[in-house]
Amino acid sequence: MYTQVNGPLPGPQSKVLLDQWHNYEADVTGYQAKVVWDHAEDCIVTDVDGNKFIDWTSGVLVTSVGHCHPRMVKVVQEAVAKLINNYESPTEYRIKAAKALMEAVPKHFGKCFFLTTGSEVTETAMRLMKRRTGKFEILSFQGGFHGRTFASASAGGLPGPKRSYGPTMPGIIRAHYPNPYRDPLGFCDDGPEFKKYFDYLDWLVTTNSTGSLAGLIVEPYQGSGGFVFPPAGWLKRLERWARERGILFTLDEVQALYGRTGKMFAMEHEGLKPDIVTLGKAIGCGMPVSAVVATDDVFSCLSKGELSSTLGGNPVSSSVVPVILDIIKEQHLVENSAKMGAYMKEKLQAIADKSKYLGCVRGKGLVMGLEFVKDKATKEPAPELIHGLIDACAANGLLVGSVGAFGNVIRVAPPLTITREIADESLAAMEKAVLSLSL
Ligand SMILES: Cc1ncc(COP(=O)(O)O)c(C=O)c1O
């Protein structure tokens with residue numbers, strides 16, 4: 001057994017610390033299992049009471065190579081002892097990071113630039129699209145999530161990050177993102193050309209744009225929106241639509257990158273060639289690093305001094321970038337994601353078949369969503385089940401988080417190192433929790 005839960009949660013130490021936490025820090029984050037993490041190794045998290053859990057969160061799709069991978073720990077310790085920060089001048093760490101990253105991305109890209117968070121790279125991608133074209137409108141998608149800063153939240157299509165934070169940035173045109181599970185407009189099974197959808201998109205842009213559309217930003221699947229995967233071929237058709245309109249195409253792979261979907265980059269599933277790709281989360285596996293990668297043509301719009309960051313490209317964060325890429329290759333994590341993802345999806349579907357409330361299991365590789373509904377026929381969302389389910393999973397030794405436009409989706413995103421044994425133990429925990437649900 002990998003897991004061990006010694007009593008009701010929170011355990012006594014966790015309880016003391018959780019109470020203390022909210023004396024000092026605002027209680028504004030989302031709902032999580034009542035557990036204070038102490039340390040973690042690979043897929044196993046140990047809390048301050050010594051309880052052990054299997055992690056299906058990977059932070060939030062961050063620790064793809066497993067928690068505290070010994071090679072990452074070693075390189076960070078070495079880097080920290082040498083140089084913690086510098087500014088706008090290269091270090092060997094930063095140069096090696098950029099080289100390794102550019103060798104890993106598809107060949108049509110020209111250069112990268114390092115920043116710190118996903119929100120920052122969204123902002124930078126939007127700025128690049130506007131700067132390169134001299135235009136100011138951006139097309140984005142309902143249900144999308146690109147970050148919590150002002151422009152990235154404005155591009156996003158979820159109300160949460162921008163509640164009372166408006167009016168949001170002008171110049172954003174938001175379109176429908178096709179969702180095969182909820183498709184009242186019939187956009188998803190309309191043939192390989194998606195004619196109905198693209199007629200709608202033409203109409204939307206024609207009636208909303210002032211003629212200043214610079215580009216679009218889209219996620220290969222909508223993570224925060226509820227792990228919504230568009231129908232196969234839609235992204236490729238969208239790319240063609242962008243080319244026909246003469247606008248730039250940004251793919252937000254902040255969470256989809258590095259094997260998460262069973263390919264090194266999600267763009268590989270349909271051979272997409274975006275002008276810009278935004279990368280975050282697993283490129284640092286917990287160290288704060290993100291990157292915007294673009295064609296030379298896109299970067300040519302910036303002159304010296306136009307892009308910079310206090311912490312972006314710092315030696316400690318940069319030190320892990322090539323090491324993570326090595327680990328992914330050496331441990332065959334992309335292949336493991338495809339294999340274990342298929343295995344877990346089949347088992348999860350079997351749980352759904354037995355459950356009254358698990359309406360949809362969807363995903364690619366090791367990123368899946370479990371959508372809970374009150375009734376499988378009406379598909380009415382059942383967000384009221386989610387907190388209880390998170391707690392029940394934790395009581396069974398499994399850590400999960402929730403997402404979704406309706407707050408009714410559980411995330412399945414373990415480290416890509418997960419083995420059959422760990423998967424089986426965690427699936428049993430999930431099955432027990434799901435089958436105990438009632439409304
Ligand atoms: C697709 C996507 N883009 C951007 C972001 C924002 O990243 P960050 O929280 O690092 O700013 C996220 C975070 O969840 C994300 O999932």
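The values are calculated or read from the model by the stated rules, or taken from the named source; none is laboratory data. Here the structure is a predicted model, which is why all the values come from computation and not from measurement. Heads up, the Cβs are rebuilt from the backbone with ideal geometry, glycines too, and the neighbour counts pull from every protein chain shown.
Remarks
- Cβ-Cβ under 7 Å pairs, at least 6 apart or on other chains, segment 180-203 side closer than 19 Å to LEU216 by Cα, far side charged (D, E, K, R) and assigned to a loop (DSSP other than H, G, I, E, B): TYR197/ASP190
- Restricting attention to segment 357-409, the residues being of a type in the set (S, T, N, Q) and crowded, with 21+ Cβ neighbours inside 10 Å number 2.
- Test for GLU431: is it assigned to a helix (DSSP H, G or I) and either crowded, with 21+ Cβ neighbours inside 10 Å or in contact with a helix residue (DSSP H, G or I) (Cβ under 6 Å, 6 or more places away or on another chain) (or both): yes
- Considering (1) assigned to a loop (DSSP other than H, G, I, E, B); (2) surrounded by fewer than 16 Cβ atoms within 10 Å (Cβ to Cβ), the lone condition that GLU346 does not fulfil carries the number (1).
- Within segment 135-164, being part of a loop (DSSP other than H, G, I, E, B) and away from the ligand (no atom under 15 Å from the Cβ) holds for LYS135, PHE136, PRO159, ARG163, SER164.
Here's the yes/no breakdown for (1) in the same structural domain as VAL35 (by TED's automatic domain parsing); (2) among the hydrophobic types (A, V, I, L, M, F, W, C):
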site: SER319; (1), (2): no, no
site: ALA338; (1), (2): yes, yes
site: LYS347; (1), (2): yes, no
site: LEU370; (1), (2): yes, yes
site: ALA392; (1), (2): yes, yes
site: ASN396; (1), (2): yes, no
site: PHE406; (1), (2): yes, yes
site: ASP424; (1), (2): yes, no
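- Of all residues in segment 183-191, one or more are in contact with a helix residue (DSSP H, G or I) (Cβ under 7 Å, 6 or more places away or on another chain), buried (at least 16 other Cβ atoms within 10 Å of the Cβ) and in a loop (DSSP other than H, G, I, E, B).
- Residue match in segment 228-251 (condition: closer than 18 Å to GLY280 by Cβ and either touching a helix residue (DSSP H, G or I) at 6+ places or on another chain (Cβ under 8 Å) or surrounded by fewer than 24 Cβ atoms within 10 Å (Cβ to Cβ) (or both)): yes
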